Amino acid sequence: MTVRPAREEDIPSIARVHVQSWRTTYRGIVADAFLDGLSYQKHEEGHRRQLAQPDAIYFVAELPRDGIVGFLMGGRERSGNVQFPGELYAIYILDPHRRQGIGSALVQQWAASLRRAAVNAALVWVLADNKPAIAFYQRLGGRQLGERMIEIGGVSMRELAFGWEDLTPLDRKVG
Ligand SMILES: CC(C)(COP(=O)(O)OP(=O)(O)OC[C@H]1O[C@@H](n2cnc3c(N)ncnc32)[C@H](O)[C@@H]1OP(=O)(O)O)[C@@H](O)C(=O)NCCC(=O)NCCS
C-alpha cells in the first residue's frame, strides 16, 4: 500500500471512492434518496476545486491491484477556530479495505503536513451516528470538543468535533 499526495489525474478515482464510501457508510444514517442521488460528476468538480487550493492537504492510498482505495483531504480549519487551526475535511476508504491501517497511515501524513505548515492542533467533524469513525478518532487520541447540527438532504443531524491539541504523537504514530 502506498500513501502519496493526490494528483489531478486521481480525481475520478477520488470521486468514486467518495461516493461509494458515502453509500456504504451512511446507509441507514442519511436518507436513501440523498445517497442514491449522489453524483460522481459533482464530486469530481468539488475535488478539482479543492485540490487547486494552495494549502490543500490531499493524500491517496493506492494498492498495486486495486488502484486508489482511499483518500484524505484537509487544510486550515474552516470556521476561524484559533485553538484548532487545522482540520481534517474528509477521509474515506472503500469498505473492503477498512481496518487494515490505511486510515491511520493517511492521518499520519495529514498530521505531518500540518506540522510542516507550523499547525500543531487540529480537529475533525463526524456524524454522531458514525460510531466506527468515532472509535477510530478516539483510538488516535482525538478528544471530543463540541457538537453542532448540520443539514444533510433536508434532515437535521448531529455532528461531534474531535480534536488534537498536539499533533506530534499522531505524526509519529505510524510510518
Ligand atoms: C474511519 C476510517 C477512515 C478508518 O480507517 P481504517 O483504515 O479503517 O482504520 P485503521 O485500520 O487505521 O484503524 C486504526 C484503529 O482505529 C480503530 N477503528 C478503526 N475502525 C474501527 C471500527 N470500525 N470500529 C471500532 N474501531 C475502529 C481501531 O482501534 C483500529 O485499530 P485495530 O484495527 O488494530 O483495532 C475508515 O474505516 C472509513 O473510511 N470509514 C468510512 C468513512 C468514514 O466514516 N469516514 C470518516 C468520516 S468523518
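Cβ-Cβ contacts under 7 Å between residues 6 or more apart (or on different chains), taken from a first residue in the stretch 37-57 that is free of Cβ contacts under 8 Å to residues at least 40 places away in the same chain and closer than 17 Å to ALA117 by Cα to a second residue that is in a helix (DSSP H, G or I) and open to solvent by less than 90 Å² (accessible area, probe 1.4 Å), are listed as ALA56/GLN50. For the stretch 11-28, the tally of residues that are open to solvent by less than 40 Å² (accessible area, probe 1.4 Å), under 25 Å from ASP55 (Cβ atoms) and without any contact (Cβ under 8 Å) to a residue 60 or more places away in the chain stands at 4. Number of residues in the stretch 43-78 that are within 16 Å of the ligand (Cβ to nearest atom) and out of contact with any helix residue (DSSP H, G or I) (no Cβ under 7 Å at 6 or more places or on another chain) equals 8.
Of the helices (runs of 4 or more DSSP H) lying entirely inside the stretch 89-175, those containing at least 2 residues that are among the basic types (Lys, Arg) and within 22 Å of PHE59 (Cβ to Cβ) span 102-116, 168-173.
Check whether at least one residue in the stretch 106-124 is touching a strand residue (DSSP E or B) at 6+ places or on another chain (Cβ under 7 Å), more than 9 Å from the ligand (Cβ to nearest atom) and without any contact (Cβ under 8 Å) to a residue 24 or more places away in the chain, and report yes or no. There is no residue in the stretch 106-124 that is touching a strand residue (DSSP E or B) at 6+ places or on another chain (Cβ under 7 Å), more than 9 Å from the ligand (Cβ to nearest atom) and without any contact (Cβ under 8 Å) to a residue 24 or more places away in the chain.
The values are calculated or read from the model by the stated rules, or taken from the named source; none is laboratory data. Treat the numbers as computed from the prediction; the structure is a model and nothing was measured. Note that each Cβ is placed from the backbone with ideal geometry, even for glycine, and that neighbours are counted across all protein chains shown. Areas reflect the complete protein model, heavy atoms only, side chains present, ligands, DNA and RNA absent. Shrake-Rupley method; radii C 1.70, N 1.55, O 1.52, S 1.80 Å.
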